[in-house]
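K.L.:
Quick one: structure below, then a few questions.
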Amino acid sequence: MPTIGVWELVVILVIVVVILGAGRLSEVGGALGKGIREFRKATTNDHAPALPPQPTAPPPAPTVVVENTCPSCGTLNPPAQAFCGQCGTRLTRAA
């Protein structure tokens, strides 16, 4: 397939100016540019419809740490522990 050279482009431009006229050429160019812009905009995913804002979840309630303190020696033990790790006394849990 032959390539289009400079002289061919000049001939095409002269024919377009003769057919459309010099004044109308700017209008046609503007319309062509606008059409290309709209085509590019339609082919990209930038124009996806915006979703309505989703309600945010309330912040989680603060966790209550139950201190499991030994009544005999006062040692702080993990909440799930039933006996004191220091003295072995049975731990009572607050309700």
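Each reported figure results from applying straightforward, stated rules to the coordinates on display, with no laboratory input. Note that the coordinates shown come from a computational prediction; the quantities given were computed from them, not determined experimentally. All Cβ positions, even for glycine, are placed from backbone atoms using ideal geometry, and neighbour counts span all protein chains on display.
K.L.:
Give the average over all directions of the projected area of the C-alpha convex hull of the chain, one decimal, in nm².
P.N.:
Orientation-averaged projected area of the Cα hull: 18.1 nm².
K.L.:
Tell me which of 18, 43, 91 sits at the most positive position along the dipole axis of the chain, charges placed on C-beta atoms (Lys, Arg +1; Asp, Glu -1).
P.N.:
Projecting each Cα onto the dipole axis, the largest value belongs to 91.
K.L.:
Quick one: if you stick a label point 7 Å off each Cα along the C-beta vector at residue 67 and residue 3, how many nm between them?
P.N.:
Modelled inter-label distance: 8.5 nm.
K.L.:
May I pose another question? Counting Lys and Arg as +1 and Asp and Glu as -1, what is the net charge of the other residues whose Cβ lies under 14 Å from the Cβ of residue 33?
P.N.:
+2
K.L.:
So, one more: Placing +1 at every Lys and Arg Cβ and -1 at every Asp and Glu Cβ, with all other atoms neutral, what dipole size does the chain have around its Cα centre, in debye to the nearest 20?
P.N.:
Values: 7 positive and 5 negative charges, 46 e Å.
Value, rounded to 20: 220 debye.
K.L.:
Only Cα pairs under 8 Å and at least 6 apart count here; give the relative contact order of the chain as a rounded whole percent.
P.N.:
13
K.L.:
Taking amide H positions as placed in the peptide plane 1.01 Å from N, state which residues far from residue 77 in sequence (5 or more) or on other chains have amide H under 5 Å from it.
P.N.:
HN-HN under 5 Å from residue 77: 68, 69, 70.
K.L.:
Let me ask something else about it. How much length, in nm to one decimal, is gained on full extension between residue 11 and residue 82, taken as 0.36 nm per residue of separation minus their Cα-Cα distance?
P.N.:
15.8 nm
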